Amino acid sequence: MKKRLNIGALFAAALLLGSGPAAAEESFEGWLLNFQRTKEVKPVSNKRYQEECGSCHYAYPAGLLPAKSWEKLLTAEALKKHFGDNAELDAATLQSVRDYVLENSADKSWYKRSRKIARATAEGEAPLRITEVSYIKRVHRDIPEAKIKGNKNVKSLSYCDKCHMQADKGVFDDDTVRIPSQD
Amino acid sequence: MKGNTWFINMAASICMVAVHGVAFASDAALNFAAPSSSYYTGDIRSYVLASADSDTALGQSKLAASVAPAEFEPPLWTTSNAHKYLGLGTLAMVVATVLAPKPGECEKGPCPAVVDTSGPHKTFGQAAATLAAATAVSGFMFHWNDIHMEDGWTDPDNLHALLGTAGALLMMAAVNSAPAGGHAGEGMLGGIAMGAAIKITW
């Protein structure tokens with residue numbers, strides 16, 4: 001009986017340990033002892049990043065690209081020609097935004113989908129676009145072109161939040177996808 | 001007692017089948033017109049894609065048109081959720097099996113010479129194995145496209161599938177070999193494998 005109580009107490013202790021707002025993705029121990037869901041991608045948690053990048057396009061969670069990609073994308077020189085636009089930032093803002101995305105990039109994250117992206121981008125050139133990540137290309141390959149490029153309400157896979165209804169929360173699963181009507 | 005256990009297991013199996021049916025029915029009723037959708041090709045992946053297609057949903061019901069993105073609420077019953085609940089149910093049954101009094105445990109003498117193996121430990125153990133098998137089957141059915149061997153075994157989804165299947169097999173082996181000695185080890189190992197599988201993709 002005592003043994004059973006001990007097992008129960010251990011189980012309860014594990015639950016208690018995990019119920020706190022543990023740092024889910026900062027270390028293996030933190031991830032292991034944390035019961036918060038880390039199935040998807042860590043949502044954007046940096047106000048400056050959200051404001052600066054989100055003012056022009058969907059603020060992609062940092063965990064959608066590996067650090068080597070962010071390092072290439074977020075330099076003063078690269079931002080002058082940011083996919084055809086000038087997206088220059090002042091030095092302090094750039095440093096702050098860069099530090100945030102590098103700390104939360106796919107290869108530093110314990111979130112499952114980020115781990116998959118990190119594996120898919122571990123070798124080879126750093127992808128500069130989310131849509132160049134082999135894992136992301138693979139999970140979207142069955143969607144007909146007409147539903148994306150041919151859909152004026154979507155236009156491109158890079159507009160994640162057009163179909164992923166909870167993209168702002170870092171959720172990209174099948175259950176939260178609604179492809180907009182073409183009307 | 002034996003008949004009672006059989007009845008409980010049958011009832012549990014019927015409930016699980018019903019839950020999967022509800023998951024499918026929920027998807028279909030809300031946003032899926034399988035026969036008319038050109039994107040539905042008969043497999044699970046195309047089913048999910050067709051479910052997410054607003055055009056086909058509008059063809060069936062005007063309800064979808066009034067749902068603005070800001071109001072979006074993910075459906076409660078989906079195939080993914082059914083798999084998740086089955087897995088969590090398995091873990092709960094494993095814990096219940098461990099905590100339930102074992103047949104033959106005798107704290108105060110005199111103890112009986114012949115041990116009756118029926119009881120909550122056996123019932124919970126069988127329920128755990130049944131749920132584990134249902135979890136594994138539903139995982140392969142609904143998440144087949146998440147498993148990609150070219151990503152290696154350390155890919156979270158591949159590892160999840162490997163550990164979950166091993167856990168289910170070990171639990172079934174434990175139930176099969178019980179009450180012989182060693183079945184506890186198989187059952188515990190199965191539970192740990194299943195727990196690890198859940199944690200990896202939680």
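The numbers here are math on the coordinates, done by the rules we state, and not lab data. Since the structure is predicted, the reported quantities are computational estimates derived from the model, not experimental observations. Backbone-built Cβ (ideal geometry, glycine too); neighbour counts: all protein chains shown.
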* Asked: Listing B:F140, B:F124 from the residue with the fewest other Cβ atoms within 10 Å to the one with the most, what is the order?
  -> B:F140, B:F124
* Asked: So, in nm, how far is label A:K155 from label A:E51 when the simple model puts each one 7 Å beyond its Cα toward the Cβ?
  -> 2.6 nm
* Structure fact -> With only helices counted (DSSP H, runs n ≥ 4, each -39500 (n - 2.57)), the per-residue ellipticity at 222 nm for chain A, to the nearest 500, works out to -11500 deg cm²/dmol
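For the stretch A:47-176, state the average projected area of the convex hull of the C-alpha atoms over all orientations, rounded to one decimal in nm².
8.0 nm²
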* About its Cα centre, what dipole magnitude does the stretch A:47-176 give when the only charges are +1 on Lys and Arg Cβ and -1 on Asp and Glu Cβ, stated in debye to the nearest 20? -> 400 debye
* Asked: Looking only at A:A91, A:A167, A:A118, which one moves most when chain A is put into a Gaussian network model with springs between Cα atoms under 10 Å?
  -> A:A91
* Structure fact -> By Cβ neighbour count within 10 Å, fewest first, A:R48, A:R119, A:R98 rank A:R48, A:R98, A:R119
* Structure fact -> Between the residues A:L128, A:G63, A:S156, the Cα farthest towards the positive end of the dipole of the stretch A:47-176, that dipole coming from +1 and -1 charges on the beta-carbon of Lys, Arg, Asp and Glu, is from A:S156
* Over the stretch A:47-176, what is the relative contact order in whole percent, taking alpha-carbon pairs under 8 Å and six or more residues apart? -> 22 percent
